[in-house]
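Worksheet: one structure, shown below.
Read-outs throughout are calculated quantities, based only on the coordinates presented, and are distinct from any laboratory measurement. All values reported here derive from a predicted model rather than from experimental measurement. Cβ placement follows ideal geometry from the backbone for every residue including glycine, while neighbour counts extend to all protein chains displayed.
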Amino acid sequence: MKKITIIVPCYNEEAVLDSFYREIKKWFNPNYEMNLLFVNDGSRDKTLEIIKKFAKEDNTVKYISFSRNFGKEAAMQAGLEKSKDKDAVIIMDADLQHPPHLIPEMIKNWEAGYNIIYTKFSSRKGESLLKRIFTRCFYGIFNHYSDIEMERGVKDYQLLDNKVIKAFLALPDNNRFMKGIFSWVGFSKICIPFEFIPRKEGKTKWNFRKLFKYGWNGINQFSNILMFFVKLAMLLVFATCLTETILYFTHVIESYDLKYYLLHLKIDVFMFILLFLIKELFYLTYQNRRQLFNRPIYLIEEESND
């Protein structure tokens with residue numbers, strides 16, 4: 001009998017766990033050995049307490065609990081490492097915005113030979129305008145400057161075959177951007193679209209600052225976008241020089257004040273871009289240092305018995 005683990009990262013999800021557990025159990029297939037693996041990412045509420053209750057009453061429920069909050073990427077990494085001997089895994093959130101009723105279709109596609117069965121919103125109706133704008137900008141920039149193509153709106157909700165898990169875990173990256181890596185590894189894949197489902201209980205853990213940091217980290221890892229800012233600086237300085245030259249030879253620029261202003265404009269543009277690049281250089285240096293230190297991506301405080 002094939003083994004499938006459903007990995008569920010959790011951070012302060014006490015409000016939704018009971019509903020999630022009742023719903024997900026409806027979609028367990030008796031033809032497979034299925035189990036739930038909750039990864040408690042340093043929750044400060046009763047998330048771990050509720051998960052322990054599930055594990056005590058149901059032997060198909062396992063859990064890992066981190067020593068602190070390491071982030072969703074680390075939680076997914078821990079779940080994959082724990083499930084590397086399974087035939088397949090399904091990664092999904094506990095907030096029921098990832099509909100469990102898609103699981104049978106995922107398994108069907110997996111049995112048909114696909115190694116990655118991923119999901120995405122068929123439309124973004126219901127999401128905030130700010131998030132929709134940010135998402136569109138992120139995918140546009142990522143796909144333009146990256147050497148891999150990442151489909152717009154792809155969710156973490158996906159089924160991964162064992163060979164994909166092994167390929168993923170073989171990568172030495174310390175600071176991981178999961179969506180980019182799953183696009184990079186290749187393998188045969190198919191998409192299952194679904195309508196946006198608003199969160200019914202609890203609060204989202206994402207805000208604009210976290211989303212921006214997450215997106216920028218992904219762009220930095222898989223693209224050469226910093227070269228864009230170098231080109232932009234060159235273009236702006238050239239455009240300013242050209243404008244100054246045209247104004248001078250058409251006798252529009254006879255005022256010392258205007259010359260002085262344009263000179264300072266060039267300097268300001270150049271210094272802004274230069275400082276930005278220096279900041280990003282330091283950022284990348286610290287990222288490389290983190291990789292060289294080879295610190296663990298997460299630390300486990302406790303876990304259930306196998």
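Counted residue by residue at 0.36 nm each, then reduced by the alpha carbon distance between them, the extension gain from residue 56 to residue 195 reaches 46.6 nm. Over 30 Å apart at the Cα level, from the set 53/163; 2/46; 53/189; 2/52, are 53/163; 2/46; 53/189.
Checking the Cα-Cα distances for 26/108; 86/155; 62/86 against a 19 Å cut-off, the pairs over it are 86/155.
So if we plug the beta-carbon distance of residue 188 and residue 137 into 1/(1 + (r/R0)^6) with R0 = 25 Å, what FRET efficiency do we get, rounded to 0.05?
Values: r = 30 Å, r/R0 = 1.19.
That pair, residue 188 with residue 137, gives E of 0.25.
Each residue, residue 276 and residue 166, gets one label point 7 Å from its Cα in the Cβ direction; the gap between the two is 4.5 nm.
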